[in-house]
1. Going down the list B:LYS6/B:LYS49; A:LYS6/A:LYS46; B:LYS6/B:LYS46, which pairs span over 23 Å between their C-alpha atoms?
2. Using the 10 angstrom Cβ neighbour count as an exposure proxy, how do B:SER59, A:SER5 rank, fewest first?
3. With the cut-off at 1.5 for a/c, could you classify region B:37-80 from its C-alpha gyration tensor as rounded, prolate or oblate?
4. Grab the beta carbon distance between A:THR126 and A:GLU26, set R0 = 30 Å, and tell me the FRET efficiency rounded to 0.05.
5. What residues have an amide H closer than 5 Å to that of A:SER129, excluding those fewer than 5 places away on the same chain, when H is modeled at 1.01 Å from N in the peptide plane?
6. Would you mind giving the mean number of other chain beta-carbons within 10 Å of the Cβ of each residue in B:52-65, as a whole number?
7. Apply 1/(1 + (r/R0)^6) to the Cβ-Cβ distance of A:ALA35 and B:ALA119, taking R0 = 35 Å, and write down the FRET efficiency to the nearest 0.05.
8. So what J values fall out for region A:61-70 if you push phi through Karplus, 6.51 cos²θ - 1.76 cosθ + 1.60 with θ = phi - 60°, rounded to Hz, Gly and Pro as x?
2 protein chains.
Amino acid sequence: MLRLSKLTDYAVVVLVRLGPEGAEPEVQTSPGIAAATGIPEPTVAKVLKALTASGLVASQRGARGGYRLNRPLAAIPVADVIAAIDGPIALTACVEGSGSECESRGFCPMAGRWDPVNAAIRDALTGISLADMQVAAVPRALRAPIAPRLHSASL
Amino acid sequence: MLRLSKLTDYAVVVLVRLGPEGAEPEVQTSPGIAAATGIPEPTVAKVLKALTASGLVASQRGARGGYRLNRPLAAIPVADVIAAIDGPIALTACVEGSGSECESRGFCPMAGRWDPVNAAIRDALTGISLADMQVAAVPRALRAPIAPRLHSASL
DNA sequence: CCAAACAGGACCTAGTTGGTCCCGTTAAAA
DNA sequence: TTTTAACGGGACCAACTAGGTCCTGTTTGG
């Protein structure tokens, strides 16, 4: 069902956490974010590495190092986050990366057919920023404390 | 990368194949479609079963039975096909179906956050029909005959 | 000089999915 | 009435992918 990788979900959480709690972009450490979000530290580190590689966050090495946002949340479309973690946004069906040609090469009726769909999804994902997702989150006080909803939401 | 299931891809191929070659909705058999499309017969059967269950196609049992479209291609949005094969369209991250509550229940910052994203994707997918995908396909004569593109297309 | 934190891998496990097969039921045709 | 072609609905197996962990550098502030 159009599975989004868990890592991408984590990435959004981490990025929002990196967002201005105060005003200035404060540097936060990977262990600190892990403690604050409840996500295991190695996983947080993995996510932050990917986000750094794609330029969404900047890193500071050494003691008292950490991460900070390169852009405000409002300037980060969801599409960028997904692209950073999951790679290019495209509805793929054929096994990509196989490098080999399509087996039903001569008469494959699908070539290029998903392009408009991909474009539509890309547009939709580019139009929503992390700031939008931030406000979309249900306020903590309104959520059931014990056995609440799953993260996902059906359409 | 927003993976679409292979079965869904097959479903589109099969549905387009079921579309009016002539004018009237002719009944086609599962083996016949398999032969015409190059998709293995058991897989075609599986796809058609799902499509029948969701009401996109109608089935006729018995000898000289087969399948036919319930609606014209133009009236079948891609969203319906995906929903028929992959289930409800939603960007899921948490393992759904687990039934258990979210482990970081008290302070999970993601609850409901993907809702606007899901809505945007649903809208995008509802706005594109199989007829649109049909015309989007590159004419056979223009495709490289030997080792052409993959089905997927990056954005 | 030491400690804290990032960088960049390798690696293992588990879950999902793709794909196949089998058997029962239906219904048209011989 | 018998036969045959096709759908219906599972069970089942195998391969792949991704989630998650860990280890070993390298950097840099105290």
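1. Checking Cα-Cα distances, every pair stays at or under 23 Å.
2. The fewest-first ordering by Cβ neighbours comes to B:SER59, A:SER5.
3. Because a/c hits 1.5 or more and a/b fails to exceed b/c, region B:37-80 counts as oblate.
4. 0.60
5. The answer is A:VAL78.
6. Average neighbour count from other chains, rounded to a whole number: 0.
7. 0.60
8. The phi angles translate into 7, x, 4, 6, x, x, 10, 8, 5, 8 Hz.
Coordinate-derived values only; no laboratory data. Remember, it's a predicted structure, so these values are computed and weren't measured experimentally. All Cβ positions, even for glycine, are placed from backbone atoms using ideal geometry, and neighbour counts span all protein chains on display.
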